[in-house]
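The values are calculated or read from the model by the stated rules, or taken from the named source; none is laboratory data. As the structure is a prediction and not an experimental result, all values here were calculated from the model. Heads up, the Cβs are rebuilt from the backbone with ideal geometry, glycines too, and the neighbour counts pull from every protein chain shown.
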Amino acid sequence: MTRYHPALAALHWVLAGLIIGALVMGSQVLAALPNDSPDKMFSLRAHMTVGLVIGALMILRLGTRLTTQHPPKADAGNRLLNSGARAAHWGLYVLVFLMVASGIGISITAGLPDIVFGGSADPLPQTFDDLAPRVAHGVISKLLLLTILAHIAGWLYHQFVLKDGLIRRMWFGKRH
Ligand code: HEM
Ligand code: HEM
């Protein structure tokens, strides 16, 4: 087996785009808008929808990962780097699920399903900043960003130092 299953590769790249997009939009656009801004509702609706789609696709991806054959563990030529890569891979799953869970937590504690999607005329709370799931969402987003940067550094190391073309394993083509 020389590559991951094509469904896993497709979901990897779709999810990478959606997750990086949610991180950038969440921190640079959504969190920067005060809750009484006229643009806040649209931004929240988009962020929450994308966040939930990420959650659903991650469940699908984890299911595919656990039920399809995959290549043997990659070797970076160093035990520490190899364990780091494994930790980062499972860490990415855990952190993304924690982002979705804490996002849903903010949404439920602030009554957002009704206000944002249910047509309720209630205004948004003045801020989400004092809600525990909001604090968690912010902290986990930073941990996720750091883990993604470490993951990309791992790819750069394989691509430009080891030159072993590891990225082909997460792309499409013959698997044997
Ligand atoms: C992997 C999925 C997700 C990512 C990467 C993500 C990312 C982010 C980021 C980076 C922020 C700003 C944090 C900060 O700067 O402190 C944020 C805020 C927020 N997110 Fe998410 N999020 C995700 C899923 C969700 C979901 C599923 C929901 C709700 C259903 C949600 C609701 C919110 C809300 C309400 C805020 C607060 C906005 C504010 O303070 O004005 N997020 N998200
Ligand atoms: C939010 C972004 C990302 C997430 C959540 C993510 C997640 C993962 C996970 C969990 C794996 C392990 C295989 C599996 O269990 O599915 C993996 C493998 C991989 N990822 Fe990412 N990834 C992201 C972005 C990227 C980016 C931007 C690159 C490169 C530019 C990249 C390159 C790779 C490569 C080359 C592998 C294969 C490693 C191997 O064969 O052992 N990923 N990714």
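Here are a few things to note about the model shown:
- Scanning region 99-120 for residues that are more than 9 Å from ligand 1 (Cβ to nearest atom) and not hydroxyl-bearing (Ser, Thr, Tyr), we see that the one that is surrounded by the most Cβ atoms within 10 Å (Cβ to Cβ) is ILE115.
- Lone qualifier among LEU66, LEU81, LEU98 - being part of a helix (DSSP H, G or I) and in contact (Cβ under 8 Å) with a residue 60 or more places away in the chain: LEU81
- When MET48 is tested against (1) touching a residue at least 40 places away in the same chain (Cβ under 8 Å); (2) more than 16 Å from ligand 2 (Cβ to nearest atom); (3) touching a His at 6+ places or on another chain (Cβ under 9 Å); (4) among the hydrophobic types (A, V, I, L, M, F, W, C), just one condition goes unmet, and that condition is (3).
- Looking only at residues in region 29-75 that are among the polar types (S, T, N, Q) and farther than 30 Å from GLN159 by Cα, the one that is surrounded by the most Cβ atoms within 10 Å (Cβ to Cβ) is SER43.
- Meets criteria (of a type in the set (Gly, Ala, Ser) and either more than 16 Å from ligand 2 (Cβ to nearest atom) or on the phi > 0 side of the Ramachandran plot (or both)) for SER83: no
- Qualifying positions in region 95-109 - more than 9 Å from the chain's Cα centre (by Cα) and within 16 Å of ligand 2 (Cβ to nearest atom): LEU98, ALA101, GLY103
- Hits in region 121-145 - residues which are near ligand 1 (Cβ under 9 Å from one of its atoms), among the polar types (S, T, N, Q) and either under 23 Å from ARG3 (Cα atoms) or exposed (fewer than 12 other Cβ atoms within 10 Å of the Cβ) (or both): none
- Residue in region 22-33 that is over 30 Å from PRO123 (Cα atoms) and either assigned to a loop (DSSP other than H, G, I, E, B) or of a type in the set (Lys, Arg) (or both) present: no
- Taking first residues from region 1-26 that are farther than 15 Å from GLY63 by Cβ and modelled with pLDDT of 95 or more and partners that are in a helix (DSSP H, G or I) and small (Gly, Ala, Ser), the Cβ contacts under 7 Å between residues at least 6 apart in sequence or on separate chains come to ALA22/GLY51; LEU23/SER141; GLY26/SER141.
- Test: residue in region 148-164 that is part of a helix (DSSP H, G or I) and touching a Ser or Thr at 6+ places or on another chain (Cβ under 9 Å): no
- Any chance MET25 is within 15 Å of the chain's Cα centre (by Cα) and closer than 19 Å to LEU146 by Cα: yes
- Candidate set from region 146-176 (those that are more than 9 Å from ligand 2 (Cβ to nearest atom) and within 18 Å of ALA87 (Cα to Cα)); member that is surrounded by the most Cβ atoms within 10 Å (Cβ to Cβ): TYR157
- Restricting region 11-43 to residues that are closer than 19 Å to SER141 by Cα and among the polar types (S, T, N, Q), the residue that is nearest to ligand 1 (Cβ to nearest atom): SER27
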